[in-house]
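Notes follow the structure.
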Amino acid sequence: MHNPVEVLKDYIRFASVSTDPAYAEGMAGAREYASRLLTELGFTVEVVETELHPILLADRIGSPDWPHVVIYGHYDVQPADPFALWTDEPFEPTERDGRLYGRGAADNKGPTIVHMAALSRVLKANPDLPLNITYVIEGEEEIGSPSMPKFFDQYAERLSQADFMLVSDTGSPNTEQIVITTALRGLVDFEIKVRGPKGDLHSGIHGGAVYNPLQALMEICASLHNTDGSVNVPGFYDDVVPVFDWEREELKRYPETVESYRKMLDVPAFYPANGLGPLEAVRFGPTLEFNGIGGGYQGEGSKTVIPSEAFAKITCRLVANQDPVKLQAQLIATIQERCPEGVRVSFRDGGIAEAYYVVPPERPNTPAQQSPALARAFKAADAAIANQFGKPPIYLREGGSIPVIADFKKRAGLDALMIGLFTPVDNLHAPDESFSLWLMDNAIRAFEQIIKDIAVQ
């Protein structure tokens, strides 16, 4: 791979938006392009058909005695809308001020090319590299990976022969300070609908006689938090894993202060629960958030009605050891119990995902049976990142969710080394998404060393 930047530009040109059938050609093009790159690296590539977008499963396998890593990525991207807010065409990559702009540049095409470019350099110098490698590149990450469960049904046993995963679909605070992510939060997503009368009512004729669904909904929602911001659902915190001192020490190295965070968000004050600081709360604690609420007249002016129904969209972010199935049941039971008699409540299940947590080697809570290959990979990454970026990585839990990572652990027994290659200024999922070319170059060099060091010495 002579020029990784040009390779990435070609990859971005495929408009691989998984959620919209109008982009089927771009999805196929991106998949075929990634497959061709893997073939050129010497991989045997299998295209696993799904009900939506096929998954690429590629192997470079030698001796069973060699370490074995699964590298995960995705070739799909978010929609580029609104197009008018892009400086240039989203699928015609443009270099400006040391950055490459285009949809998917940072999420996740740039990191994918980083891995491949590093591997290309290592294999060119050592074609017989004693390292087994499997690639899994899916096309549905941006829509929740709906085809992955059936993929695991078919391939989990084969994947379980590997020692660990390598992932770069997480973030770092800036281009100079790399984060190795140690946890991803789980998710419970649902919608509640409160119904009252069979239709909207005149608020003068019927007001005072019926329970207004909007009022009932707001009372239910307000009951789900205590005045200190903690979640008021029985058992919500029962299974939360405690935060270890080493994790708080790592967070102190994070190049962000509470005040700079406040100014960035432009909020007058923070509202963290359970004694956590704001920078801790987004990593260490579970949450219950209202993502949308509606009912009644929403147009200009006023309309004096009592609406027949109202709704709220709710998500919970869960931390390690919390069971999303159990919590979803607790939430539904709590809401049903608090629903007033004058209205009815129903639920729409939006899906669940388990949290994921991995501990680096030589920590107080490192598992006694941690894979030696995973421990060696953590150490290799620490040394290579410190050498190439001038600072050792920070080991942090992350507030976001990547459900498929927990699924790899649950279905194939694989823990993940997650090295963040996108930053807050990259504008993921937004107009003018970009990827730092300085970070890209340094990351390729760091991954070269990581790949060499995790192979058999």
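The values are calculated or read from the model by the stated rules, or taken from the named source; none is laboratory data. What you are looking at is a predicted structure, and each value in this text was computed from that prediction instead of being measured. Note that we place each Cβ from the backbone using ideal geometry, even for glycine, and neighbour counts take in every protein chain shown. The accessibility values were calculated without ligands, DNA or RNA, using every heavy atom of the protein model including side chains. Shrake-Rupley method; radii C 1.70, N 1.55, O 1.52, S 1.80 Å.
Key figures
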item	result
Positive dipole terminus of the range 322-457, leading residue within I352, V325, P392 (C-beta point charges)	V325
Value of [θ]222 nm, deg cm²/dmol, for the chain, DSSP H segments ≥ 4, -39500 (n - 2.57) each, nearest 500	-10000 deg cm²/dmol
1.4 Å probe accessible area per residue over the chain, in Å²	44 Å²
Volume in Å³ per residue [convex hull over Cα atoms, computed for the range 158-237]	277 Å³
Average Cα contact separation per residue, the chain, under 8 Å, 6 or more apart, as relative contact order %	27 percent
Part-to-part distance (alpha-carbon centres) for the range 162-177 and the range 97-137, which is given in Å	13 Å
Volume in Å³ per residue [convex hull over Cα atoms, computed for the range 171-324]	166 Å³
The range 212-330, dipole about Cα centre (Lys/Arg Cβ +1, Asp/Glu Cβ -1), debye to the nearest 20	240 debye
Selection from S302, A383, N291, by position along the positive dipole direction of the range 268-420 (Cβ)	A383
Computed magnitude of the charge dipole of the range 33-120 (debye, nearest 20; Cβ of K, R +1, Cβ of D, E -1)	240 debye
Base-10 log of normalised Debye intensity for the range 59-148 (one unit scatterer per alpha-carbon) at q = 0.16, 0.22, 0.23, 0.24 Å⁻¹	-0.80, -1.10, -1.14, -1.19
Table column - 3J(HN,Hα) (Hz), the range 389-397, Karplus curve with 6.51, -1.76, 1.60, x for Gly and Pro	9, x, 9, x, x, 9, 9, 9, 6
Whole-Hz ³J(HN,Hα) from phi, Karplus 6.51 cos²θ - 1.76 cosθ + 1.60, for the range 4-10, glycine and proline x	x, 5, 5, 4, 5, 4, 4
Packing-based ranking, highest mean first, of 371-380, 335-344, 114-123, 422-431 given that Cβ atoms within 10 Å are counted	114-123, 371-380, 422-431, 335-344
Förster-model FRET efficiency, 22 Å R0, D65 and N365, C-beta, rounded to 0.05	0.15
Percent carbon-and-sulfur accessible area, the range 1-148, ignoring ligands, DNA and RNA, probe 1.4 Å	50 percent
Shape parameters for the range 8-90, alpha-carbon atoms, Rg then Dmax in Å	15.5, 54
Check: the chain dipole with +1 on Lys, Arg Cβ and -1 on Asp, Glu Cβ, in debye	600 debye
Tilt relative to the chain, helix 437-454 - C-alpha long axis, 0 to 90 degrees, to 10	70 degrees
Under 5 Å, built H, 5+ apart or other chain: amide partners of M165	V70, D415, A416, L417
For the range 239-310, alpha-carbon Rg relative to the globular expectation (2.2 N^0.38 Å, N residues)	1.72
Cross-link pairs beyond the 25 Å C-alpha cut-off, checked among K9/K252; K198/K303; K263/K313; K326/K410	K9/K252; K263/K313
Overall dimensions of the range 388-456 as given by Cα atoms, namely Rg and Dmax in Å	14.7, 43
Relative contact order (%) - the range 7-165, alpha-carbon pairs under 8 angstrom, separation at least six	33 percent
Principal-axis tilt of helix 110-125 within the chain, Cα atoms, nearest 10 degrees	20 degrees
Kirkwood Rh in Å, taken over the chain so that all alpha-carbon pairs contribute	23.9 Å
Signed unit charges on C-beta, dipole axis of the chain, positive-most listed residue M165, L123, A269	A269
Fraction of antiparallel bridges per DSSP, the range 1-152 only, in percent to nearest 5	60 percent
Rounded to whole Hz, the Karplus (6.51, -1.76, 1.60) HN-Hα couplings of the range 306-322, x for glycine and proline	9, x, 6, 8, 8, 9, 9, 9, 10, 10, 10, 9, 10, 9, 3, 5, 7
Percent of beta bridges antiparallel (DSSP, the chain, rounded to nearest 5)	70 percent
Packing-based order for 291-301, 10-20, 94-104, 237-247, using average beta carbon neighbours within 10 Å, highest first	10-20, 94-104, 237-247, 291-301
